[in-house]
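Enquirer: Please read through the structure below; I'll follow up with questions.
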Amino acid sequence: MRNACLFILAVVLAVGPAFAQTQTQTVLFRTLCLQHQDDIRTVFVPSAKGGSSEVPLLTGGFSPVYRAAFKDGVAEFHVDDDDAPEGKRVVARGRLASSDRQLFLFLPDPQKRLPYRLHCLPDDLPAFPMGGLRFLNLTPYAARLELAGAKLPAVKSGASQTYPKVTKVDEWNMYQARVELQAPDGHWATISSPSWKSLETKRDLALIMIDPTSRQPRILNFKDLPPWLEPTPEE
């Protein structure tokens, strides 16, 4: 009996790691590229049906919905390269978020390990409801928002926070926002005071980053109209 138990344990220990390494997650995703790197404007991703699917990197807004199968909880995108192993060179890699519907942000990699740094965010309605605002801090400093007079907690570097629909608006559904960064000495500096619109029919992705050319803070705001009623995603 003892020998049988030891045999079963040995099998579990041997098979377990191999099984974990082959776990595959199918994800519906959209992409948003902030700035093309190394003139890479199209990438490929493992298709849910086998082979690879082509994904153009759009910079002006969100892409259509695609479906892909990723292994080991990591999203990888590649380009064709005869000099790379198996003819595929990885150009973006990131840890998947906890959702079967995700948004992949293609960002410049300041450490130049790959052409792109991939930031994966859950894109489903429970995680990012209609009317909501998602704020992503891509600077090395803490950042915070003030929305319609309400001061919100700081968002640390590399983190994001989602806020519900702002209800304190004017007759045009507009409200005043304030974006601040924390200096190394602890003081907060106002970077911008934009007017944003709050509507139940859209979501907003706002992000703050350090422009790689000017080295100055830059704020981007993308209106998001999720294509929930799209036909079957491209393969």
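The values are calculated or read from the model by the stated rules, or taken from the named source; none is laboratory data. Source: prediction; values computed, not measured. Methodologically, a virtual Cβ is constructed for each residue, glycine included, from the backbone with ideal geometry; neighbour enumeration extends over all protein chains shown.
Enquirer: Would you confirm whether any residue within segment 178-196 is under 26 Å from the mean Cα position of the chain (by Cα), of a type in the set (Gly, Ala, Ser), in the same structural domain as LEU207 (by TED's automatic domain parsing) and crowded, with 17+ Cβ neighbours inside 10 Å? Before you say what the answer is, go through the steps one by one.
Expert: Residues of segment 178-196 that are under 26 Å from the mean Cα position of the chain (by Cα), as a first pass: 178-183, 190-196.
Now restrict to residues that are of a type in the set (Gly, Ala, Ser): 183, 192-193, 195.
Right, trim to in the same structural domain as LEU207 (by TED's automatic domain parsing) and you get 183, 192-193, 195.
With crowded, with 17+ Cβ neighbours inside 10 Å added as a condition, the list becomes none.
No, the conditions are met nowhere in segment 178-196.
Enquirer: Any residue at all in segment 215-231 that is in contact with a Phe, Trp or Tyr (Cβ under 6 Å, 6 or more places away or on another chain), hydrophobic (A, V, I, L, M, F, W, C) and either in contact (Cβ under 8 Å) with a residue 12 or more places away in the chain or crowded, with 17+ Cβ neighbours inside 10 Å (or both)? Quick ask: steps written out before the conclusion?
Expert: Filtering segment 215-231 for residues in contact with a Phe, Trp or Tyr (Cβ under 6 Å, 6 or more places away or on another chain) gives none.
There is no residue in segment 215-231 that is in contact with a Phe, Trp or Tyr (Cβ under 6 Å, 6 or more places away or on another chain), hydrophobic (A, V, I, L, M, F, W, C) and either in contact (Cβ under 8 Å) with a residue 12 or more places away in the chain or crowded, with 17+ Cβ neighbours inside 10 Å (or both).
Enquirer: Continuing with the same structure: Could you check segment 192-201 and list, in sequence order, the residues that are outside any strand (DSSP E or B) and either of a type in the set (A, V, I, L, M) or without any contact (Cβ under 8 Å) to a residue 40 or more places away in the chain (or both)?
Expert: So in segment 192-201, the residues outside any strand (DSSP E or B) come out as 193-194, 198-201.
If the condition is that a residue be outside any strand (DSSP E or B) and either of a type in the set (A, V, I, L, M) or without any contact (Cβ under 8 Å) to a residue 40 or more places away in the chain (or both), then SER193, PRO194, LEU199 are the ones that fit.
Enquirer: Looking at LEU136, is it touching a Lys or Arg at 6+ places or on another chain (Cβ under 9 Å) and either buried (at least 20 other Cβ atoms within 10 Å of the Cβ) or within 28 Å of LEU225 (Cβ to Cβ) (or both)? Can you show your working first?
Expert: Values: touching a Lys or Arg at 6+ places or on another chain (Cβ under 9 Å): no; either buried (at least 20 other Cβ atoms within 10 Å of the Cβ) or within 28 Å of LEU225 (Cβ to Cβ) (or both): yes.
Judged against the criteria, LEU136 is not a match.
Enquirer: Looking at segment 110-165, which of its residues are within 30 Å of ASP38 (Cβ to Cβ) and aromatic (Phe, Trp, Tyr)?
Expert: The answer is TYR116, PHE135, TYR141.
Enquirer: Check off (1) modelled with pLDDT under 95; (2) acidic (Asp, Glu); (3) surrounded by 15 or more Cβ atoms within 10 Å (Cβ to Cβ) for GLU235 and give me the number that stays unchecked.
Expert: The number of the failed condition is (3).
Enquirer: Enumerate the pairs (first residue in segment 167-182 and more than 9 Å from TRP196 (Cβ to Cβ); second residue anywhere and acidic (Asp, Glu)) with beta-carbon separation below 8 Å, excluding pairs fewer than 6 apart on the same chain, so at least 6 apart or on different chains.
Expert: Partner pairs satisfying both residue conditions: ARG178/GLU146; GLU180/GLU146.
Enquirer: Out of segment 65-96, which residues are among the charged types (D, E, K, R), part of a strand (DSSP E or B) and either touching a Cys at 6+ places or on another chain (Cβ under 8 Å) or surrounded by fewer than 13 Cβ atoms within 10 Å (Cβ to Cβ) (or both)?
Expert: From segment 65-96, those among the charged types (D, E, K, R) are 67, 71-72, 76, 80-83, 86, 88-89, 93, 95; that's our starting set.
Filter once more, keeping what is part of a strand (DSSP E or B): 67, 71, 76, 80, 88-89, 93, 95.
Across segment 65-96, the qualifying residues are ASP80, ARG95.
Enquirer: Continuing with this model, one more query. Can you give me the number of residues within segment 97-155 that are of a type in the set (S, T, N, Q), in a loop (DSSP other than H, G, I, E, B) and over 25 Å from PRO184 (Cα atoms)? Don't jump to the end; show me each part of the working.
Expert: Narrowing segment 97-155 to residues of a type in the set (S, T, N, Q): 98-99, 102, 111, 137, 139.
Keeping just the survivors that are in a loop (DSSP other than H, G, I, E, B) gives 98-99, 111, 139.
Next, from what is left, pick out any that are over 25 Å from PRO184 (Cα atoms): 98-99.
The number of residues fulfilling the criteria is 2.
Enquirer: Can I ask one more? Before we move on, is LEU58 within 24 Å of LEU136 (Cβ to Cβ), in a strand (DSSP E or B) and at pLDDT 90 or above? I'd like the intermediate steps shown before the answer.
Expert: Working: within 24 Å of LEU136 (Cβ to Cβ): yes; in a strand (DSSP E or B): no; at pLDDT 90 or above: yes.
The answer is no for LEU58.
Enquirer: Filter segment 167-191 down to residues that are outside any loop (DSSP other than H, G, I, E, B) and out of contact with any Asp or Glu (no Cβ under 9 Å at 6 or more places or on another chain) and give me whichever is nearest to PRO217 (Cα to Cα). Steps first, please.
Expert: Of all residues in segment 167-191, those outside any loop (DSSP other than H, G, I, E, B) come to 174-182, 188-191.
Okay, now just the ones that are also out of contact with any Asp or Glu (no Cβ under 9 Å at 6 or more places or on another chain), so 174-175, 181-182.
Working: MET174: 24, TYR175: 22, LEU181: 9, GLN182: 12 Å.
Within segment 167-191, the match that is nearest to PRO217 (Cα to Cα) is LEU181.
Enquirer: Assuming GLY158 fulfils every condition listed in (1) part of a loop (DSSP other than H, G, I, E, B); (2) modelled with pLDDT under 95; (3) surrounded by 14 or more Cβ atoms within 10 Å (Cβ to Cβ) apart from one, which condition is it?
Expert: (3)
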